[in-house]
Amino acid sequence: MNKMHIYAQSTSHEDVVIVGDLSALQALRDAISKAIERNDSAACGVFCEDREGYNIIVKLGKTESLRLPYFDSELHPSLDGDFPYFSLVEIRTLQNEAWENFDKN
């Protein structure tokens, strides 16, 4: 069913853990491969254990101008919640692609 959980870093030096069933890990691998082939971005749709769906968006690009990915705002007060790498139109396009690819699996 493409079930995947991604546990992000709350602060620096923490591990990122990705746990998923075979189809979800294959979908992530395919999105990474597609982003590399396109020299741009790709996405895949997956679900958490509670059956709530979400998209994983993979973007090939430079990280220098991005904010740090940590989510603990007490330790990293500069976090502003922006998602500066994509416009809203790009995000919607990638979301649609993710669910179209999900339907094929």
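Computed from the coordinates by the stated procedures, all read-outs in this text should not be read as laboratory data. These numbers were taken from a predicted model, which means no experiment stands behind them. Cβ sites come from the backbone with ideal geometry, for glycine too, and all protein chains shown count toward neighbours.
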Problem - Members of segment 1-13 that are without any contact (Cβ under 8 Å) to a residue 24 or more places away in the chain and farther than 19 Å from residue 52 by Cβ - result: 13
Exercise for the section: Would you check which residues across segment 1-40 are among the charged types (D, E, K, R) and under 19 Å from residue 59 (Cβ atoms) and list them? Expected result: 29, 30, 34, 37, 38, 40
